[in-house]
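Reviewing the structure listed below.
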Amino acid sequence: MEQPQSTDPEPAVRLLPWTSPEGKPCYLLPGTGDGYLSRLADSAEARQLAVGADVLAVTRQVLDDPLSPHAELRYAGLRLAECLGAALRVAESRGMRLTGDGSHRGGA
């Protein structure tokens, strides 16, 4: 008897929210999504997004003050850039899993 063909797309690899020591992207092969590394990645993503929200709030205060020193503005900008990179990586990872597209498009 012939096995029925599955129409479900194969789950995509997951782009993890950290890089290798060489700065290369790290991926997790498909699984159930409830393993240790998946939970660790979920926690890291949540932490990155929470830090981004905090940095955004502080940066708005710095920008609202016309007397903010140059060094403070520069630091806020650098932190915003870090947080934006992390948020874009989280968005890319989640988008890859939603579309089932396991290819890496670069970016963050």
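A short reminder: the numbers here are calculations on the coordinates, not readings from a lab. Because the structure is a prediction, the values reported are computed rather than measured.
Things worth noting here:
- Prolate/oblate/rounded call for the range 32-90, Cα gyration tensor, a/c under 1.5 rounded: prolate
- Gain in span if fully extended, L67 to L49, counting 0.36 nm per residue against the direct Cα distance: 3.6 nm
- Amide H contacts under 5 Å for C26, placed H, 5+ residues apart: L16, W18, S20
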